[in-house]
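Heads up, the thing below is written out as structure tokens.
The values are calculated or read from the model by the stated rules, or taken from the named source; none is laboratory data. Since the structure is predicted, the reported quantities are computational estimates derived from the model, not experimental observations. Heads up, the Cβs are rebuilt from the backbone with ideal geometry, glycines too, and the neighbour counts pull from every protein chain shown. Accessible surface is based on the protein model in full, side chains and every heavy atom, while ligands, DNA and RNA are left aside. Shrake-Rupley method; radii C 1.70, N 1.55, O 1.52, S 1.80 Å.
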Amino acid sequence: MGVVTRLNNIIERLAEIEHDRWAHWQRYMHGKCEQRHDGSLVVPPNLVAQWEKQLATSYCDLTEQEKESDRAQVRKYLPTIVEALTD
């Protein structure tokens, strides 16, 4: 198998993981929001404040719990990366 084909296969596997991560986040967010009759979603103010604080915080300054949440997401990518590096 050529290098380009292998890279494209890795990209596809990682993209699938990324889509699953994004879909999980969207389900979480939608579950936390108030859905209006017109289909729009309203994010509760406490979550807006929390997420804005996290957006403005560098990784090194996150709480250990927030860092572990990010690490858990990265762990989902590792099997694909390890497999690609060891093939």
With a 1.4 Å probe and every protein chain left in place, tell me how much accessible area L62 has, in Å² to the nearest 10. 30
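About the Cα centre, and with charges only on the beta carbon of Lys, Arg (+1) and Asp, Glu (-1), how big is the dipole of the chain? Nearest 20 debye, please.
Numbers: 11 positive and 14 negative charges, 19 e Å.
Using Cβ point charges on Lys, Arg, Asp and Glu, the chain gives about 100 debye.
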Could you tell me the accessible area of W25 in Å² (1.4 Å probe, neighbours in place), rounded to the nearest ten? 90
Over the heavy atoms of K53, what accessible area does a 1.4 Å probe trace out, to the nearest 10 Å²? 140
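For the chain, what is the accessible area per residue in Å², given a 1.4 Å probe and the full set of protein chains?
Details: 6980 Å² over 87 residues.
About 80 Å² of surface per residue is accessible.
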Can you tell me, using C-alpha contacts under 8 Å and at least 6 residues apart, the relative contact order of the chain as a whole percent? 33
Can you tell me how the chain classifies by the Cα gyration tensor, rounded, prolate or oblate, using a/c under 1.5 as the rounded cut? oblate
Quick one: among D61, D20, D38, which has the greatest mean-square fluctuation in a GNM of the chain with alpha-carbon springs under 10 angstrom? D38
So how do T80, T86, T5, T57 rank on accessible area, 1.4 Å probe, biggest first, that is with the largest at the start? T86, T5, T57, T80
What lysines sit close enough to K53 to cross-link, taking a C-alpha to C-alpha distance under 17 Å and skipping anything fewer than 8 places away on the same chain? K67
Sequence of M29, M1 from largest to smallest accessible area, 1.4 Å probe: M1, M29
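Ignoring ligands, DNA and RNA, what percent of the accessible area of the chain is carbon or sulfur (1.4 Å)?
On the way: 4040 of 6980 Å².
That share works out to 58 percent.
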